Amino acid sequence: TLISFGWSIGVIRRRAWRQPDLPQPKNLGTVLKDGFVVAFMSLLFFVIPPLLFIILIQYQLLAVVWHLLKGGWIGFLFNPGKVLWMMAERGSLEYLLAAGIIPVVCAVMAWPFFVIGELRYAVTGKILSFLNVFGNLGLIFRHFGGFLSYLFFVSLIRAGLYGLSMILTPALALTVILAAIAFAVPPVIAHWMTARLAGTLAREICESKRI
């Protein structure tokens, strides 16, 4: 949500400048503005690039749909091998596979640049900090150890706590209140820990005087 995104930026900014950790209610306007910026940049980094790639191969995907409709869904159910072989002959399976892989590849490639852009935006308050590709790449290399540690621990924290939430929520489903707690609390903790780790890395960047 906009508030959670903006709250994270506020925590990062305060830790970077050694101020009190948590944004105050009077900062709601800034929180919402920061949240909107992060949400917009998330779309720009993680949604638009794979969407453009998929549009480029759209004509092949439409060809796949046409082959299935032409062959008939009943024919596919009773003789899927024949339909799949036909699709493979026309190169359609490769495009379907690409359409599934491309978003993952784009997300993996975009994540480091998004993270460093987010840290830089939290410190400078400038939206273009997200798009300063060469400057952000330079920051990644200058703080490579801290950046790599951050990505590792964030992945570990999120995988552990989100996984815990997914396990506990069904297990406690008969008790609505406990299930709601199990569903909500681990992600909130993960969000808070991630923001603090990001703030520590942002502080390191600030103290290097090369932001």
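The values are calculated or read from the model by the stated rules, or taken from the named source; none is laboratory data. These numbers come from a predicted model, not from an experiment. Counting neighbours? That spans all protein chains shown, and the Cβs are built from the backbone with ideal geometry, glycine included. We work out accessible area using only protein heavy atoms, side chains counted, and drop any ligands, DNA or RNA first. Shrake-Rupley method; radii C 1.70, N 1.55, O 1.52, S 1.80 Å.
When the residues of segment 171-188 are narrowed to those that are open to solvent by 70 Å² or more (accessible area, probe 1.4 Å) and assigned to a helix (DSSP H, G or I), which ends up modelled with the highest pLDDT? That would be Val188.
Could you tell me which of the residues Val133, Val108, Val104 is exposed (fewer than 12 other Cβ atoms within 10 Å of the Cβ), touching a Pro at 6+ places or on another chain (Cβ under 9 Å) and modelled with pLDDT under 90? Let's see the steps before the verdict.
Working: Val133 fails: touching a Pro at 6+ places or on another chain (Cβ under 9 Å); Val108 fails: touching a Pro at 6+ places or on another chain (Cβ under 9 Å).
Result: Val104 is the single residue among Val133, Val108, Val104 that is exposed (fewer than 12 other Cβ atoms within 10 Å of the Cβ), touching a Pro at 6+ places or on another chain (Cβ under 9 Å) and modelled with pLDDT under 90.
Within segment 189-202, take every residue that is open to solvent by less than 50 Å² (accessible area, probe 1.4 Å) and not aliphatic (A, V, I, L, M) and give me the one that is farthest from Leu156 (Cα to Cα).
Gly199
Are any residues in segment 22-35 open to solvent by less than 50 Å² (accessible area, probe 1.4 Å) and outside any loop (DSSP other than H, G, I, E, B), and if so, which ones? If the condition is that a residue be open to solvent by less than 50 Å² (accessible area, probe 1.4 Å) and outside any loop (DSSP other than H, G, I, E, B), then Asn27, Val31, Asp34, Gly35 are the ones that fit.
Considering only segment 113-121, I want to know if a residue exists there that is surrounded by 15 or more Cβ atoms within 10 Å (Cβ to Cβ), among the aliphatic types (A, V, I, L, M) and at pLDDT below 90. Show your work before the answer.
Taking segment 113-121 as the starting set, the residues that turn out to be surrounded by 15 or more Cβ atoms within 10 Å (Cβ to Cβ) are 113-121.
Of the ones still in play, those that are also among the aliphatic types (A, V, I, L, M) are 115-116, 119.
From what is left, the residues that are at pLDDT below 90 are none.
No, segment 113-121 contains no residue that is surrounded by 15 or more Cβ atoms within 10 Å (Cβ to Cβ), among the aliphatic types (A, V, I, L, M) and at pLDDT below 90.
Counting the residues of segment 138-163 that are in a helix (DSSP H, G or I), open to solvent by less than 90 Å² (accessible area, probe 1.4 Å) and over 20 Å from Val38 (Cβ atoms) gives 8.
The C-beta contact set for segment 115-138 (first residue in contact (Cβ under 8 Å) with a residue 24 or more places away in the chain, second residue assigned to a helix (DSSP H, G or I) and among the basic types (Lys, Arg), distance under 6 angstrom, 6+ apart or interchain) comprises Ala122/Arg13.
Residues checked against (1) open to solvent by 70 Å² or more (accessible area, probe 1.4 Å); (2) among the β-branched types (Val, Ile, Thr); (3) modelled with pLDDT of 90 or more:
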| position | (1), (2), (3) |
| --- | --- |
| Pro20 | yes, no, no |
| Val37 | no, yes, yes |
| Phe40 | yes, no, yes |
| Leu43 | yes, no, yes |
| Leu56 | yes, no, no |
| Leu61 | no, no, no |
| Ile74 | yes, yes, no |
| Asn79 | yes, no, no |
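One residue stands out in segment 1-18 among those that are open to solvent by 30 Å² or more (accessible area, probe 1.4 Å) and of a type in the set (S, T, N, Q): the one that is modelled with the highest pLDDT, namely Ser4.
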